[in-house]
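Heads up, the thing below is written out as structure tokens.
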Amino acid sequence: MVKLSLTKSDRLCSEKLISSLFNNGHAHFRYPIRVVYRRVDSGFIQSQAQGAFSVPKKRFKRAVKRNLLKRRMREAYRLQKGEFYDRLKAVDSKVIFMFVYASNEILSFQIISKSISALLAEMVSLLENEKTVNKPTDTSY
């Protein structure tokens, strides 16, 4: 069982990885959150997954509101991280991702949690399918 905390090694900080994520990643949307993710080689990240959370300034001018939504997204991910890591280990994949809040209104934690749960499940199932089809060929970051 994975510890239910969000440590430094679980956070996506590398500018190279973030730019490769947006240049070569896959995106999926489940209201109110959009996820962009990419499988990476095991040498690039320490933990099973690294993630980042974003709320656009264009939609929420006040930092207090953006921070509230980022806290809700981080908490929803943190609570589901254990199961997500177990499924990633079963698929033998490491992944980087970014959750981007896409709604214009502040929604409840329950709605955000359901969305993140669905996106994580979808991400793992797509990684499983991708794993059976082919191996990643692009290793440039």
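The values are calculated or read from the model by the stated rules, or taken from the named source; none is laboratory data. Keep in mind that this is a model prediction, so the values were computed, not measured. Don't worry about glycine lacking a Cβ; one is built from the backbone with ideal geometry, like all the others, and counts go over all protein chains shown.
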Does the range 106-115 include one or more residues that are out of contact with any Phe, Trp or Tyr (no Cβ under 9 Å at 6 or more places or on another chain), in a helix (DSSP H, G or I), surrounded by fewer than 21 Cβ atoms within 10 Å (Cβ to Cβ) and at pLDDT below 95? no
Residue pairs meeting the criteria (Cβ under 7 Å; at least 6 apart or on separate chains; first within 21 Å of Ser103 (Cβ to Cβ), in the range 64-86; second at pLDDT 95 or above and hydroxyl-bearing (Ser, Thr, Tyr)): Leu69/Tyr101; Met73/Tyr101; Ala76/Ser113; Gln80/Ser117
Set Arg38, Arg34: member being in contact with a Gly (Cβ under 6 Å, 6 or more places away or on another chain) and assigned to a strand (DSSP E or B): Arg38
Scanning the range 1-31 residue by residue, those outside any loop (DSSP other than H, G, I, E, B) and within 24 Å of Ile111 (Cα to Cα) turn out to be Asp10, Arg11, His26, Ala27, His28, Phe29, Arg30
Between residues in the range 24-40 that are polar (S, T, N, Q) and residues that are part of a strand (DSSP E or B), which pairs lie under 8 Å by C-beta distance while being six or more apart or on different chains? Asn24/Arg38
Please specify each residue of the range 41-94 satisfying the condition of being farther than 19 Å from Ser108 by Cα, modelled with pLDDT of 95 or more and either hydroxyl-bearing (Ser, Thr, Tyr) or in contact with a Phe, Trp or Tyr (Cβ under 6 Å, 6 or more places away or on another chain) (or both). Gly51
Among (1) more than 21 Å from Ser20 (Cα to Cα); (2) of a type outside the set (Val, Ile, Thr); (3) out of contact with any Pro (no Cβ under 6 Å at 6 or more places or on another chain) - the single one Leu107 does not satisfy: (3)
Residue that is crowded, with 19+ Cβ neighbours inside 10 Å, without any contact (Cβ under 8 Å) to a residue 60 or more places away in the chain and either within 20 Å of Val124 (Cβ to Cβ) or among the basic types (Lys, Arg) (or both), where the choices are Ser93, Ser47: Ser93
